Structures are given as C-alpha cells and as structure tokens.
Amino acid sequence: MKKVLLITSSLVLSGLQAQEISAPPSEKMNIIKTNVTAYAFRNINLTYERAINRWFSVNMGFGAMPEGKVPFINSFLSNEDEKRFQNLEAKSFSFTIESRFYLGAGYGKGFYIAPYYRYSKITSNTFDFYYDYTFSGTTFQIPLKGFGNANGNSGGVMVGTQFFLTSNRNLVLDLWIAGAHYGAGKGDFTMTSDIPLTPDMQAELKREIENLDIPYVNYTVETNTNGARVIIDGPWIGFRTGLSLGYRF
C-alpha cells in the first residue's frame with residue numbers, strides 16, 4: 001500500500017511541476033460536481049477538480065452513506081444467512097484523491113485515465129444475530145448482539161470521459177465508464193450473548209460464522225463464553241462507475 005501512495009503522490013507532483021503549458025485566460029480551471037447515480041444508494045458525495053494544465057488535473061472527493069440497509073446484501077449473503085442478521089444496517093465514509101490525464105480536448109474535457117487512492121470506512125449499527133444450537137435432539141436459537149467497523153486503503157485506475165453541456169462551458173457531465181481498486185482492509189466485529197456459552201456452543205457458533213463464506217473477505221473467528229469476535233484482515237476490493245454533474249468556474 002505504501003507503493004500505491006508513493007505512485008499517486010508522484011503523479012500529483014509531476015502534474016504540479018508541469019505548468020509550463022499555461023492556461024489561456026478564458027479557461028476555467030475549477031469544477032465542483034457530484035455523482036448523481038450514487039444517491040440511489042444513499043451515498044452523499046462531492047468532488048472538487050482542479051486543472052493544472054491542459055492535460056492534467058487533480059480531483060479530491062468525499063462520500064458518506066448515512067446509516068441504513070446494507071446495499072446489495074443479497075449479493076454476498078444467501079437468503080438463509082441474511083435472515084440470521086436481524087435489523088443489520090451500516091454507514092460509510094470515503095475519501096478519494098485522483099490524478100487525471102486527459103487525452104482529448106483537455107482543460108477538463110474529453111477522455112481521461114485516472115489513477116487514484118481511496119480510504120474507506122464502514123461501521124455497523126448494533127444488530128441482532130442468531131444461530132441454531134442442537135442439544136439432546138432439541139434445537140435452540142441462540143441470540144447475540146453484534147457491532148463493529150472495518151476500513152481499507154486501496155489504489156486503482158478509472159477511465160471515463162467528461163463533457164461541457166452548455167455553450168459557455170459552465171455545466172459539466174462526467175461519465176465514469178469503469179474503475180476498480182485493490183488494497184488491504186482491517187476490521188473488528190464483536191458479538192455478545194446474554195447467556196454463558198459452553199465449549200460446544202462456542203464451537204457451533206464458530207462454525208456458523210465461518211460458513212457464512214462472505215466473498216472477497218478474509219476473516220478469522222474467535223469465541224469465548226461471552227460470544228464471538230470476527231477479525232477482518234485481508235484484501236479490500238472495490239469498483240467505480242457513475243454519472244456526475246457539475247459546475248465549472
């Protein structure tokens with residue numbers, strides 16, 4: 001991850017040092033925009049883009065998702081496993097710094113390639129979880145309370161194209177065609193029980209959590225008489241696409 005940060009910083013610095021191609025007085029060098037498609041997933045976001053010269057610009061973006069249902073939960077949990085998580089909700093925050101290299105008209109217009117770095121954090125609410133424990137032929141539902149958070153640092157590349165929508169070139173449409181990032185993530189989730197768990201109950205709880213088999217997430221499970229601890233330590237993967245509208249000044 002240090003390599004990703006160094007590469008991103010080098011790209012930004014190289015762009016700042018490449019100002020020998022000065023902008024014509026008529027060019028507007030700043031754009032404020034928001035990804036309108038992200039609001040469908042409760043993601044409130046804002047991005048500032050600053051053109052350094054004709055071919056290079058720097059973007060800084062912030063995004064926040066208020067607490068609510070986990071988007072696309074059915075894509076990584078089966079219906080049966082999803083039922084084990086009662087009232088699970090999450091909120092998130094992200095910060096992205098991106099360098100853009102324009103291959104078209106420039107000064108914020110045309111096709112671009114954009115290496116970027118992203119920090120992300122996800123926090124859950126206090127949710128209910130249960131698992132089935134069988135003793136002497138009778139099955140009991142053992143309830144637990146869960147809470148935790150995870151964060152990740154990642155680097156990636158996105159390609160897209162940006163247009164000016166009006167004759168005075170104030171309104172901007174930014175199409176994120178496709179992007180992906182990869183990095184490292186860490187997290188810690190705790191589940192507590194109101195009743196002391198026997199060694200057999202702990203072993204069954206450990207198996208139940210491990211069998212959730214959440215894709216793209218590496219985690220280990222520790223159990224004790226009070227419940228379980230889920231430790232995330234592994235890859236952090238994400239994708240970017242969307243449509244932004246902005247104002248150029």
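The values are calculated or read from the model by the stated rules, or taken from the named source; none is laboratory data. Because the structure is predicted, anything quoted here is derived from the model rather than measured. Glycine also receives a Cβ, built like all others from the backbone with ideal geometry; neighbour counts cover every protein chain displayed. Just so you know, the surface numbers come from the protein's heavy atoms only, side chains and all, with ligands and any DNA or RNA stripped out. Shrake-Rupley method; radii C 1.70, N 1.55, O 1.52, S 1.80 Å.
Counting only protein chain heavy atoms and rolling a 1.4 Å probe, the accessible areas of Tyr247, Tyr219, Tyr182, Tyr107 rank, largest first, as Tyr182, Tyr247, Tyr219, Tyr107. Label separation (Lys145 vs Arg207): 2.8 nm, computed from points 7 Å beyond Cα along the C-beta direction. The 1.4 Å probe gives accessible areas that order Asp194, Asp188, Asp233, Asp81, largest first, as Asp194, Asp233, Asp188, Asp81. Close Lys pairs in the chain, defined as Cα atoms under 13 Å apart and 8 or more places apart or on different chains, number 4.
With R₀ fixed at 41 Å, the C-beta to C-beta distance from Asn30 to Ala184 puts the FRET efficiency at about 0.80.
Towards the positive end of the charge dipole of the chain, with charges on Cβ (+1 Lys, Arg; -1 Asp, Glu), say which of Pro196, Gln86, Thr166 has the farthest Cα. Of the candidates, Thr166 comes out farthest on the positive side. Of the solvent-accessible surface of the chain, computed with a 1.4 Å probe over protein heavy atoms with every protein chain present, carbon and sulfur atoms account for 61 percent. Compute the angle between helix 199-210 and the longest alpha-carbon principal axis of the chain, please, reported from 0 to 90 degrees and rounded to the nearest 10. The answer is roughly 30 degrees. Dipole magnitude for the range 96-197: computed about the Cα centre from +1 point charges on Lys and Arg Cβ and -1 point charges on Asp and Glu Cβ, it is near 560 debye. Could you check which residue among Lys83, Lys91, Lys186 shows the biggest mean-square fluctuation in a GNM of the chain with a 10 Å Cα cutoff? Checking each option, the largest mean-square fluctuation is seen for Lys83. Centre-to-centre separation between the Cα atoms of the range 51-107 and those of the range 183-249: 19 Å.
Given their separation in residues at 0.36 nm each and the Cα-Cα distance between them, Asp132 and Glu80 gain 17.5 nm when the chain is fully extended.
Computed on protein heavy atoms with a 1.4 Å probe, the accessible areas place Thr241, Thr96, Thr37 in the order Thr241, Thr37, Thr96, largest first.
Compared with the dominant Cα axis of the chain, that is its longest principal axis, helix 2-16 is turned about 20°.
Taking Pro143, Pro215, Pro235 in turn, the Gaussian network model of the chain (Cα-Cα springs below 10 Å) assigns the largest fluctuation to Pro215.
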